[in-house]
Amino acid sequence: CQAARMVIGDGGGRHSGKPARSWCGLTLRAGEARVRHVHSGAPAARAGVHPDDQLLALDGLRAGGRWPEVLARLEPGRDVSLHLFRDDRLLALTLTPVAPPADTWTLSLAEVDADCRARRDAWFGGAR
C-alpha cells in the first residue's frame, strides 16, 4: 500500500494544487493584503517591501483578496509595478519575481483502497 507521494516544489504549506510559477519572498497575513514577513534577500526585500505594508495594486490592477494567487502566477524575471501603503504613504515599487526555490517539499496522502486507508488511519491515530 502506497502511504504517501512526494511532490517537489515551493508549496509553502499547500495541501493540493500546482507549485507556484514564481516567488516574491513575502508572506501575507491570513485573509489580508498586509505583509506579515519579507524573506531576507528575496525579490520583495530587494524591491523595498517591508512588514506591515498594505498591498494595493500590481501593474495598476487591484488584486482584491486574490493576492497569493496573483503573486504566484507572475512571470519570473519580468518587472512589475507594485503599489502599496506604508504608514499612510502611497509608494510605487518595482518587483522582479524569480522562479520558486526548490527547497520545500509538499507531502500529501495518496488515494488508497479501504483496507489500506484503515491501516493508515490506525497508524496515524485516526487523523488525516
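For Leu71, are the conditions met, namely being part of a strand (DSSP E or B) and closer than 15 Å to Val35 by Cα?
So Leu71 does not fit the description; no.
Within the stretch 26-44, count every residue that is open to solvent by 40 Å² or more (accessible area, probe 1.4 Å), closer than 20 Å to Val98 by Cα and not in a strand (DSSP E or B).
Here the count works out to 3.
Residues Ala102, Ala122: which one is of a type in the set (A, V, I, L, M, F, W, C), in a helix (DSSP H, G or I) and open to solvent by 60 Å² or more (accessible area, probe 1.4 Å)?
The conditions single out Ala122.
Arg117: open to solvent by 90 Å² or more (accessible area, probe 1.4 Å) and either aliphatic (A, V, I, L, M) or in a loop (DSSP other than H, G, I, E, B) (or both), yes or no?
Spelling it out, it is not the case that Arg117 is open to solvent by 90 Å² or more (accessible area, probe 1.4 Å) and either aliphatic (A, V, I, L, M) or in a loop (DSSP other than H, G, I, E, B) (or both).
The values are calculated or read from the model by the stated rules, or taken from the named source; none is laboratory data. Please read these numbers as outputs of a predicted model, since none were measured by experiment. These area figures cover heavy atoms from the full protein model, side chains too; ligands, DNA and RNA do not enter into them. Shrake-Rupley method; radii C 1.70, N 1.55, O 1.52, S 1.80 Å.
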